[in-house]
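The values are calculated or read from the model by the stated rules, or taken from the named source; none is laboratory data. The structure displayed is predicted, hence computed values, not measured ones. Please note: Cβ atoms are built from the backbone with ideal geometry, for glycine as well, and neighbour counts cover all protein chains shown.
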Amino acid sequence: MFYLASQRLQNARLAGVLLLGLVLLLGGCAATPRLSENAAQTLPAQVFIQDVPFHGQRDYQCGPASLAMALEHQGVDTSVEALIPQVFLPGREGSVQPEMLAAVRRQGRIPFVIDNRFEALLTELDAGRPVVVLQNLALPAWPLWHYAVAIGYDRDTNELTLHSGETPERIESFRRFDATWARSDRWAFVVLTPGELPTAIDAGGAIDATAAFERVQGAQAALPAWEAIATRFPQAAMAHFAVGNARHATGDRGGAIAAFRRAVSRQEDLAVAWLNLGLALDERGNTEAAREALQKAADQTGPWQERARRALASLDNRPRHGP
Amino acid sequence: MTTLRRYLSLLLIATLVLGSLPVAAAPQAGNGGLVGTQAALDAEHTSDARERIHDVLARDDVREQLMAQGVDPADVEARVAALSDAEAEQMADRLDEMPAGASVVGALFAVFVILLVTDILGLTNVFPFTR
């Protein structure tokens, strides 16, 4: 955080020139962010999420404080003190983005990074979800990175409401907020219970977020999230594939086979789904259908071809049962 | 020449051992040998074997970096385990450049003046009294 101290400006004249340059450079950049026509029509004029607890930050703890607010709103029993050892980096006197997300996973909730557009932020607030945002309150050359929790907005006055630093329900103009938020490339995330999805997210983003969660919390915890993604994005083959894996891991083999079938019907060349479909069918003793599916996987070049061939070979070498 | 050969063979051994690790580490147990979702996504994102080796090394690297940043060793393992592969890689590669949200003003006078002016212009938000 002490980029400032490392900067040595020679004299006042240089500072003056720099100042002038900055004003000219940045003066044109900041403007009140505009909404798309669709968003402008559908978003209500005012939104305020009532029940977001506030935790004032001490020292450098805006990361843990913001996390505690978002997590508690989601019903997680936690505290700033409990979160500090999970995200705070003493050497940097702050918290970095990946660890903010990782800490959410450890509490059994999924962090979804939302689209980096201003209206995505308002859309999530309208849906009643507080949004953790990363701002650079100062300038790119002397950054002052800061996490805060957006909890409401007013389009009539063009103001955003945030639990920020030591101030609950701090009001910032859209223009000033967006200028500081844009410096983090408008990075923001919502904290959700598995099964809920943000509005402002695409299939790929939702899938990656849930896969990362599953890695930490396991298939059982992730299954509702996968089902929700497959429902929201019915054309995303990878979502059905993931549903199949999670169902299989929780013992629902019939359900897994159905999901793998949906995956390959959405994307015929998804070799890995054919492979898992074949293996799952074989487990249930459905050898003929398994052979067919494994053959589809083995026909395609790629990382799964070898494994599919091996599975196919072991199927053929096995002593046959029945008549 | 002998030293070079020794280094090369060490490198080769390390590469081969690491190359086999991702397969060994793939979560197969309890899932009937099915390919896991994360493994399938990884294969989509990274086709290069070298990159997959990098994934494994990345977590070790992050572990060391967290220690170096003063994180309690008792907390390090759980923190590293909660990262996704992509996040672990980002942290391994560029933790030093990552923004660390903290919000403390270290003040040099010239910078103070510049930020004061940009605050008044509504470009920054450092000093509460400018609003």
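Here are a few things to note about the model shown:
- Number of the condition not met by residue A:124 [criteria: (1) assigned to a helix (DSSP H, G or I); (2) touching a Lys or Arg at 6+ places or on another chain (Cβ under 8 Å); (3) in contact (Cβ under 8 Å) with a residue 60 or more places away in the chain]: (2)
Okay, residues lined up against (1) among the aliphatic types (A, V, I, L, M); (2) in contact with a strand residue (DSSP E or B) (Cβ under 7 Å, 6 or more places away or on another chain):
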{"site": "A:37", "(1), (2)": "no, no"}
{"site": "A:44", "(1), (2)": "no, no"}
{"site": "A:50", "(1), (2)": "no, no"}
{"site": "A:56", "(1), (2)": "no, no"}
{"site": "A:70", "(1), (2)": "yes, yes"}
{"site": "A:92", "(1), (2)": "no, yes"}
{"site": "A:97", "(1), (2)": "no, yes"}
{"site": "A:102", "(1), (2)": "yes, no"}
{"site": "A:117", "(1), (2)": "no, no"}
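- Tabulated pairs, the range A:181-209, first at negative phi and polar (S, T, N, Q), second buried (at least 20 other Cβ atoms within 10 Å of the Cβ) and in a helix (DSSP H, G or I), C-beta under 7 angstrom, 6+ apart or interchain: A:199/A:123; A:199/A:124
- The residues of the range A:235-256 that are within 15 Å of residue B:33 (Cβ to Cβ) and touching a His at 6+ places or on another chain (Cβ under 9 Å) amount to a single one, A:256.
- Residue that is nearest to the other protein chains (Cβ to nearest Cβ) [pool: residues in the range A:69-111 that are among the basic types (Lys, Arg) and closer than 19 Å to residue A:129 by Cβ]: A:105
- Filtered residues of the range B:66-92 (kept if more than 9 Å from every other protein chain (Cβ to nearest Cβ) and touching a residue at least 12 places away in the same chain (Cβ under 8 Å)): B:76, B:77, B:89, B:92
- Among the residues here, residue A:127 does not qualify as at pLDDT 95 or above, in contact with a Phe, Trp or Tyr (Cβ under 6 Å, 6 or more places away or on another chain) and surrounded by fewer than 18 Cβ atoms within 10 Å (Cβ to Cβ).
- Top-ranked residue of the range A:153-171 - restricted to ones that are assigned to a strand (DSSP E or B) and hydroxyl-bearing (Ser, Thr, Tyr), ranked as farthest from residue A:190 (Cα to Cα): A:167
- Every residue from the range A:257-289 that is crowded, with 19+ Cβ neighbours inside 10 Å and closer than 14 Å to residue B:33 by Cα: A:272, A:273, A:274, A:275, A:276, A:277, A:278, A:279, A:280, A:281, A:282
- Only one of the listed residues (A:150, A:103) is at pLDDT 95 or above, in the same structural domain as residue A:87 (by TED's automatic domain parsing) and either assigned to a strand (DSSP E or B) or surrounded by fewer than 23 Cβ atoms within 10 Å (Cβ to Cβ) (or both). That residue is A:150.
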